[in-house]
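*Asks:* Dropping the structure in here first, questions after.
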Amino acid sequence: MSMNQIPNSLNSSQLESINDLINHVGQRQLKDFGQINSDLKPDGTLITECDRWSDQTIVAGLDTIAKGEGVLSEEGNKLIPNSSAYWVVDPLDGTTNFAAGIPYWAISIARFINGSPETAFLDIPALKKRIVAIKGKGVWLNDKPLKPEARLKKNSDCISLCSRSIKVLQMKPEQSFPGKIRLLGVSSLNMTSVAIGQTVAALEATPKIWDIAAAWLILEELNCLIKWLDTNPQNIQPGKDLTTTNFPLLTASSEDQLKKMLPWSSALIKTN
């Protein structure tokens, strides 16, 4: 398939097969949850045998479900595929939580078309929650539609920071932070928390493409704002190795919240 062709949307059978695949992987993760040893990867992050198994299982499953569409995954191929439709996978986002027995981690799978997410699946096995987003059609949580107005009714004043962005508090000691701080320990869920109204903004210092892939579409479909603080992932080209590429970002539920967080995101970029 050439980059100039527009791939078809996933059909109902493919969508069902992906949900079945996620169910299979989630069951194995729940079995291993908190009971498996972890190792350190070269970048200092944790990995378990369940991460590796989950990655291999998802990649093999997608190859069967969507023939000819490449896959980029955290534990596998890090090159952007040359096909106009391809997949970005984080088989277990939140390995530290998972290995420590903290029930907050996610399976993230997104299908990209010509560089942007078109379908996204974000599953939280321990909480039995699955978010699905389809570009231009909306977002569903456990098969029930999510609407932007539902998010705004929650009136949260919490803001999510990743562990590497919390240093901005030391950079601006003279200013009060514009919200109650939450550190969830899972990049994809930090961002998605804005989309579903748990937080009003999230600041991510060093997310990789597999961290942001599914959350990106969920945020867009629920009318949240994303400000790329350095590299815009829409500008990356096929064949690019994303092993060490970060996509720092600020996401917010409204223009007002975005403006409140801009000074803090600027401080973050200056420290990196």
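Every number here is computed from the coordinates shown, using simple stated rules; none is lab data. What you see is a predicted model, and the numbers here were worked out from it, not measured in a lab. Neighbour counts are summed over all protein chains in view; Cβ atoms, including those assigned to glycine, are modelled from backbone coordinates with ideal geometry.
*Asks:* Count the lysine pairs in region 220-272 whose Cα atoms lie under 20 Å apart, taking only pairs 8 or more positions apart in sequence or on different chains.
*Replies:* Numbers: K227/K259; K227/K260; K227/K270; K259/K270; K260/K270.
The result is 5.
*Asks:* For every helix of n ≥ 4 consecutive DSSP H residues, a contribution of -39,500 (n - 2.57) applies; sum these over the chain, divide by its total residues, and give [θ] at 222 nm rounded to the nearest 500 deg cm²/dmol. The partial results should precede the final answer.
*Replies:* On the way: 8 runs with 92 residues, N = 272.
So the calculated ellipticity at 222 nm is -10500 deg cm²/dmol.
*Asks:* Can I get the semi-axes of region 126-169's equivalent ellipsoid? Compute them from the C-alpha gyration tensor as square roots of 5 times the eigenvalues, in angstrom, largest first. Intermediate results must be reported in sequence, preceding the final value.
*Replies:* Details: eigenvalues 139, 44, 28 Å².
So the three semi-axes of region 126-169 are 26, 15, 12 Å.
*Asks:* Hey, another quick one. Given 0.36 nm per residue, what is the gain on full extension from N142 to N23 after removing their alpha carbon distance, in nm?
*Replies:* Values: separation 119, 0.36 × 119 = 42.84 nm, distance 1.26 nm.
Contour length minus Cα-Cα distance gives 41.6 nm.
*Asks:* Using alpha carbon coordinates only, what is the Rg to Rh ratio of region 1-124, with Rh defined as the Kirkwood radius? Don't skip to the answer; put the middle values down first.
*Replies:* Details: Rg = 14.9 Å, Rh = 15.0 Å.
With Rh from the inverse mean 1/r over Cα pairs, Rg/Rh is 0.99.
*Asks:* Okay, next question. Suppose the chain between K270 and I166 were pulled fully straight at 0.36 nm per residue; how much longer would it get relative to their current alpha carbon spacing? Walk me through the numbers before you get to the answer.
*Replies:* Details: separation 104, 0.36 × 104 = 37.44 nm, distance 1.35 nm.
Length gained between K270 and I166: 36.1 nm.
*Asks:* So which lysines pass the test for K31, namely a Cα distance under 29 Å, with those fewer than 8 places away in the same chain ruled out?
*Replies:* List returned: K41, K78, K128, K129, K144, K208.
*Asks:* Out of residues 5 or more away from L146 or on other chains, whose amide H comes under 5 Å of its own, with H placed 1.01 Å from N in the peptide plane?
*Replies:* Sorted by chain and number, the residues that satisfy this are V139, W140, L141.
*Asks:* Can you give me the C-alpha center-to-center distance between region 118-147 and region 158-184, rounded to a whole angstrom?
*Replies:* Rounded to whole Å, the Cα centres lie 28 Å apart.
*Asks:* Okay, next question. Residue by residue, what Karplus-based ³J(HN,Hα) values in Hz, rounded to whole numbers, does region 87-99 have, using 6.51, -1.76 and 1.60 with θ = phi - 60° and x for Gly and Pro?
*Replies:* 10, 10, 10, 10, x, 7, 7, x, 4, 4, 4, 4, 5
*Asks:* In percent, what relative contact order does the chain have, based on Cα pairs under 8 Å that are 6 or more apart in sequence?
*Replies:* Details: 557 pairs, mean separation 44.1, N = 272.
It comes to 16 percent, rounded to a whole number.
*Asks:* Give me D for region 119-196 in µm² s⁻¹, whole number, from Stokes-Einstein with Rh from the Kirkwood sum over alpha-carbon pairs, 37 °C and 0.692 mPa s. Provide the component values of the computation, followed by the final result.
*Replies:* On the way: Rh = 14.4 Å.
In µm²/s, the coefficient rounds to 228.
*Asks:* Something else now. Label-point separation (nm) for I236 and A100, each offset 7 Å from Cα along Cα-to-Cβ?
*Replies:* 2.7
*Asks:* Grab the alpha carbons of the chain, take their convex hull, and tell me the volume per residue in Å³.
*Replies:* Details: hull volume 33.1 nm³, N = 272.
With only Cα atoms used, the chain gives 122 Å³ per residue.
*Asks:* Taking the Cα centre of the chain as origin, sum charge times position over the Cβ atoms of Lys and Arg (+1) and Asp and Glu (-1), and report the length of that vector in debye to the nearest 20.
*Replies:* On the way: 28 positive and 28 negative charges, 159 e Å.
Its charge dipole is roughly 760 debye.
*Asks:* Also, I was wondering about something else. When only C-alpha pairs under 8 Å and at least 6 residues apart count, what is the relative contact order of region 12-146, in percent? Working shown, then result.
*Replies:* Numbers: 235 pairs, mean separation 22.9, N = 135.
About 17 percent, as a whole number.
*Asks:* If neighbour count is taken as other Cβ atoms inside 10 Å, put L72, L152 in order from fewest to most. Show your work: numbers first, answer last.
*Replies:* Values: L72 24, L152 14.
With the fewest neighbours first, L72, L152 line up as L152, L72.
*Asks:* Which distance in nm do the two modelled labels at D63 and Q35 give, with both placed 7 Å along the Cα-to-Cβ direction?
*Replies:* About 3.0 nm, to one decimal.
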